[in-house]
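K.L.:
Can you read through this structure? Questions will come right after.
The values are calculated or read from the model by the stated rules, or taken from the named source; none is laboratory data. Values in this document were obtained by computation on a predicted structure and should not be read as measured data. Methodologically, a virtual Cβ is constructed for each residue, glycine included, from the backbone with ideal geometry; neighbour enumeration extends over all protein chains shown. The protein model used for the area step is the full one, side chains on, heavy atoms only, and it has no ligands, DNA or RNA in it. Shrake-Rupley method; radii C 1.70, N 1.55, O 1.52, S 1.80 Å.
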Amino acid sequence: MRTFEIFILVALFLRWVGTSFPPIRRSRWIDLLPSLAVLLTVIHLVVEKYRWQMAPAYGLTLLLF
């Protein structure tokens, strides 16, 4: 697994875990994770190119953004 792929999946996982907390206790940075995932996805596509195995992660990134 490539570096940016790991970063994308970690950002999406943390966002998923962060939604289990009520909005009052949730940190602001958790709401910024979809934007970070989009930025990482763009960098990943430019630097490391597209991989079909990451298609679900790309779709989830767009869905959350």
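K.L.:
Name the residues in the range 50-65 that are touching an Asp or Glu at 6+ places or on another chain (Cβ under 9 Å) and surrounded by 14 or more Cβ atoms within 10 Å (Cβ to Cβ), would you? Steps first, please.
P.N.:
Pass one, the range 50-65, residues touching an Asp or Glu at 6+ places or on another chain (Cβ under 9 Å): 51, 53-54, 57.
If the condition is that a residue be touching an Asp or Glu at 6+ places or on another chain (Cβ under 9 Å) and surrounded by 14 or more Cβ atoms within 10 Å (Cβ to Cβ), then R51, M54, A57 are the ones that fit.
K.L.:
Restricting attention to the range 53-60, does a residue exist that is modelled with pLDDT of 90 or more and among the aromatic types (F, W, Y)? I'd like the intermediate steps shown before the answer.
P.N.:
Looking only at the range 53-60, we keep the residues that are modelled with pLDDT of 90 or more, and these are 53-60.
Okay, now just the ones that are also among the aromatic types (F, W, Y), so 58.
Looking through the range 53-60, at least one residue is modelled with pLDDT of 90 or more and among the aromatic types (F, W, Y).
K.L.:
Do you know which of the residues in the range 16-29 that are open to solvent by 40 Å² or more (accessible area, probe 1.4 Å) and within 16 Å of the chain's Cα centre (by Cα) is farthest from E5 (Cα to Cα)? Please lay out each step first, then the result.
P.N.:
Of the range 16-29, the ones open to solvent by 40 Å² or more (accessible area, probe 1.4 Å) are 16-17, 19-29.
Going one step further and asking which of them are within 16 Å of the chain's Cα centre (by Cα), we end up with 16-17, 19, 28-29.
Values: W16: 17, V17: 18, T19: 21, R28: 24, W29: 20 Å.
It comes out as R28.
K.L.:
Right, next: Being in a helix (DSSP H, G or I) and exposed (fewer than 11 other Cβ atoms within 10 Å of the Cβ) is the filter here, so list the residues in the range 30-49 that pass it. Give the derivation first.
P.N.:
Our first condition is that a residue be in a helix (DSSP H, G or I); within the range 30-49, this holds for 30-31, 33-47.
Selection gives V46, V47.
K.L.:
Still on this model: Filtering the range 43-64 down to residues that are closer than 13 Å to F4 by Cα and in contact (Cβ under 8 Å) with a residue 24 or more places away in the chain, which residue is nearest to the chain's Cα centre (by Cα)? Step through it out loud before you land on a result.
P.N.:
Let us first name the residues in the range 43-64 that are closer than 13 Å to F4 by Cα, namely 43-51, 54, 57-58.
Narrowing further to those that are in contact (Cβ under 8 Å) with a residue 24 or more places away in the chain: 43-44, 47-48, 51, 54, 57.
Numbers: I43: 12, H44: 12, V47: 17, E48: 16, R51: 16, M54: 11, A57: 7 Å.
Filtering first and then ranking leaves A57.
K.L.:
Another question, if that's okay. Are any of the residues in the range 1-12 free of Cβ contacts under 8 Å to residues at least 12 places away in the same chain, open to solvent by 90 Å² or more (accessible area, probe 1.4 Å) and assigned to a helix (DSSP H, G or I)?
P.N.:
For the range 1-12, residues free of Cβ contacts under 8 Å to residues at least 12 places away in the same chain, open to solvent by 90 Å² or more (accessible area, probe 1.4 Å) and assigned to a helix (DSSP H, G or I): absent.
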